[in-house]
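Engineer: Can you read through this structure? Questions will come right after.
The values are calculated or read from the model by the stated rules, or taken from the named source; none is laboratory data. Keep in mind it's a predicted model, so treat the numbers as computed, not measured. Virtual Cβ from ideal backbone geometry, glycine too; neighbours counted across all protein chains shown.
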Amino acid sequence: MFCYMSCFPRCLVNDEIMNYYREGIMAINSGPLNSKLLRGKMMSTDSEVVVVGAGPSGIIVTNELLRRGIDVKWIDARPEPLGTTRAFSVHARTFEMLEHVGIAHKALEVNAICPGNRFIIAEMDLLMEEMPVLDFRKLENTRYNFYGKVNQHDLETILRNHIASQHTVSPQWGVECLSVYQGDGGIDMEIINKTTGKTETLRPDWVIGADGYFTMSMMDVPLEAYEGDDD
């Protein structure tokens with residue numbers, strides 16, 4: 001079973017996906033799980049889950065799986081952490097999730113608090129003080145009534161260090177996913193160590209593609225589009 005949606009970490013925090021996974025509601029290897037498979041090792045696999053990508057999404061997913069006792073193999077094609085910042089805004093819901101993990105206080109140490117924004121729109125014939133304002137101080141039912149500015153590299157470092165200290169697990173850098181195929185017999189996944197050139201075939205129960213929009217881990221997977229309701 002593949003999940004490549006950006007909402008997956010939030011589902012994990014809410015235990016929804018883990019409940020489906022354990023109860024066998026979701027289909028794996030083109031067939032529903034049964035109690036016999038759940039009680040033992042699922043199929044003849046290498047790891048329960050392979051997480052492809054060690055960016056923010058991959059880090060959060062890996063942490064949530066490990067703290068539920070799920071075996072994870074964690075790979076990233078890059079030779080080392082990116083070290084740059086592609087996003088820096090952290091909102092209340094994310095801080096609450098980090099608090100759930102137990103590291104919100106560390107994120108706050110490297111955070112710049114922003115109470116909100118004033119939007120300057122040239123087409124609006126208004127004085128500066130009349131321009132629209134988005135004021136996060138008015139947020140209710142949260143202790144994080146602001147949005148934060150956190151360097152992505154700092155946040156990733158905090159998250160990776162947390163996983164290493166709590167679970168002694170780190171990403172396998174320089175390991176790339178070459179292909180993923182899901183057939184009647186299960187999942188076949190080919191990876192390569194870019195340093196040694198050695199290839200390996202894995203048979204996990206789940207593959208989570210968290211390696212970006214143009215994810216190699218999802219290229220060969222037939223995915224059906226979901227059309228939501230207009231409401």
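Engineer: Return a yes/no flag: does region 105-123 have any residue that is closer than 25 Å to G53 by Cβ and touching a His at 6+ places or on another chain (Cβ under 9 Å).
Structural biologist: Our first condition is that a residue be closer than 25 Å to G53 by Cβ; within region 105-123, this holds for 106-107, 110-111.
Right, trim to touching a His at 6+ places or on another chain (Cβ under 9 Å) and you get 106.
Yes, there is a match, as at least one residue in region 105-123 is closer than 25 Å to G53 by Cβ and touching a His at 6+ places or on another chain (Cβ under 9 Å).
Engineer: Follow-up. Counting only residues that are surrounded by 21 or more Cβ atoms within 10 Å (Cβ to Cβ), under 16 Å from D154 (Cβ atoms) and touching a residue at least 12 places away in the same chain (Cβ under 8 Å), how many does region 47-101 have?
Structural biologist: Residues meeting the conditions: 5.
Engineer: Now a separate question. What's the number of the only condition in (1) out of contact with any Gly (no Cβ under 8 Å at 6 or more places or on another chain); (2) in a strand (DSSP E or B) that I208 fails to meet?
Structural biologist: Only one criterion is unmet by I208, namely (1).
Engineer: Would you call L139 closer than 30 Å to R203 by Cα, outside the structural domain of K194 (by TED's automatic domain parsing) and touching a residue at least 40 places away in the same chain (Cβ under 8 Å)?
Structural biologist: Numbers: closer than 30 Å to R203 by Cα: no; outside the structural domain of K194 (by TED's automatic domain parsing): yes; touching a residue at least 40 places away in the same chain (Cβ under 8 Å): yes.
When the stated conditions are applied, L139 does not pass them.
Conditions tested, residue by residue: (1) of a type in the set (K, R); (2) farther than 29 Å from R68 by Cβ; (3) modelled with pLDDT under 90.
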| site | (1), (2), (3) |
| --- | --- |
| A107 | no, no, no |
| R137 | yes, yes, no |
| Y147 | no, yes, no |
| T157 | no, no, no |
| I187 | no, no, yes |
| K194 | yes, yes, no |
| D205 | no, no, no |
| D211 | no, no, yes |
| T215 | no, no, yes |
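Engineer: From the set of residues in region 91-119 that are part of a strand (DSSP E or B) and closer than 22 Å to P132 by Cα, which is farthest from the chain's Cα centre (by Cα)? Let's see the steps before the verdict.
Structural biologist: Here is the first cut: in region 91-119, the ones part of a strand (DSSP E or B) are 111-114, 116-118.
Adding the requirement that they be closer than 22 Å to P132 by Cα leaves 113-114, 116-118.
On the way: I113: 24, C114: 25, G116: 27, N117: 28, R118: 31 Å.
Restricting to residues being part of a strand (DSSP E or B) and closer than 22 Å to P132 by Cα, the top hit is R118.
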